[in-house]
Amino acid sequence: MHTFIQILRSRMLGGLALLLLGCGQDQQELPWRQVQLAEVKLRVDFPCEPEVGRTKVDFGMGDGPVLVSMMGCDAVDSTYALSDWVLEDASRADEALAFWQAAVLTKLKAVDGKNSKSGAPFIPDGAMALSRSIQATVEGEGPSGWVMTTHGVWFARQEGDSARIIHAVIYSPKPNHEVAQRFFGSLVLE
C-alpha cells in the first residue's frame with residue numbers, strides 16, 4: 001500500500017510539472033493574426049481579436065479635439081493597441097508626434113524602464129522621416145496605481161497635404177522586448 005501511494009504521488013507531481021510547463025509555453029506562444037486596416041493602409045499582427053472604436057482627443061496642440069480611431073485587445077497579461085488620426089497640415093506631423101508622446105508619458109508618470117531603448121528611431125517603410133518617429137520603453141503607473149511597462153512606437157505617414165499620425169503600444173506588468181519587437185515589426189504601411 002505504501003508503494004502505491006508513492007507511485008501515485010510521483011505521478012501526480014509529474015503531471016503537475018507537465019501542466020505547469022505547458023502553461024509556461026502557452027504564455028510564450030501567442031496566437032498572432034494579421035489585421036488589415038483599409039482606411040489607414042496598414043497591416044499589423046495582433047495576438048488576440050482586436051475591438052475597434054473612435055473617440056475625440058485633445059492633444060493640446062491648439063487645434064481642439066481630433067477624432068482618434070483605436071483598435072486593441074488583451075492577451076495573457078498585456079494590452080495591445082493601435083491608434084491613428086489625421087492631421088490636416090502634414091508639416092506639423094513631428095509636432096503632433098511630440099504632443100502625443102507627452103500626453104501618453106505624462107498620464108503614466110513614466111520613467112525610462114530597465115534595458116529600455118527609449119527614443120530609438122522607428123521609421124517603417126513608407127513613413128515620414130521625422131525626429132519624433134520613435135520607439136520607447138518606459139515604466140509608469142497604471143490606472144490603479146500599480147507599476148506597468150509601456151512599449152510604444154509613434155510615426156506618421158503623409159497623405160497628400162495631410163498626415164496620418166499612428167501610435168502602437170503594449171501595456172504589461174513587466175518588460176517583454178521580444179513580444180514588443182514582434183508586434184512593432186509586423187507594422188507594414190501599404
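Computed quantities for the displayed model
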quantity	calculated
Residue that is nearest to the chain's Cα centre (by Cα), among those in segment 61-74 that are small (G, A, S) and either assigned to a strand (DSSP E or B) or surrounded by 11 or more Cβ atoms within 10 Å (Cβ to Cβ) (or both)	G72
Close pairs from segment 61-73: first more than 16 Å from E39 (Cβ to Cβ), partner part of a loop (DSSP other than H, G, I, E, B) and open to solvent by 30 Å² or more (accessible area, probe 1.4 Å), Cβ under 8 Å, at least 6 apart	G64/D58; P65/D58; C73/E49
Filter result (among the acidic types (D, E) and either open to solvent by less than 10 Å² (accessible area, probe 1.4 Å) or without any contact (Cβ under 8 Å) to a residue 24 or more places away in the chain (or both)) within segment 145-190	E178
Selection from segment 45-60 of residues that are under 16 Å from K107 (Cβ atoms) and assigned to a loop (DSSP other than H, G, I, E, B)	D58, F59, G60
Filter result for A81 (at pLDDT below 95, touching a strand residue (DSSP E or B) at 6+ places or on another chain (Cβ under 9 Å), open to solvent by less than 40 Å² (accessible area, probe 1.4 Å) and of a type in the set (A, V, I, L, M))	no
Selection count, segment 130-149, where residues are farther than 19 Å from S186 by Cα, in a loop (DSSP other than H, G, I, E, B) and at pLDDT 90 or above	3
Residue that is surrounded by the fewest Cβ atoms within 10 Å (Cβ to Cβ), among those in segment 28-54 that are in contact with a Lys or Arg (Cβ under 9 Å, 6 or more places away or on another chain) and β-branched (V, I, T)	V35
D125 being farther than 18 Å from I170 by Cβ, open to solvent by 80 Å² or more (accessible area, probe 1.4 Å) and modelled with pLDDT of 95 or more	yes
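The values are calculated or read from the model by the stated rules, or taken from the named source; none is laboratory data. No experiment lies behind these values; they were computed from the predicted model shown. No Cβ is skipped: glycine too gets one built from the backbone with ideal geometry, and neighbour counts run over all protein chains shown. With ligands, DNA and RNA removed, areas are computed over all heavy atoms of the protein, side chains included. Shrake-Rupley method; radii C 1.70, N 1.55, O 1.52, S 1.80 Å.
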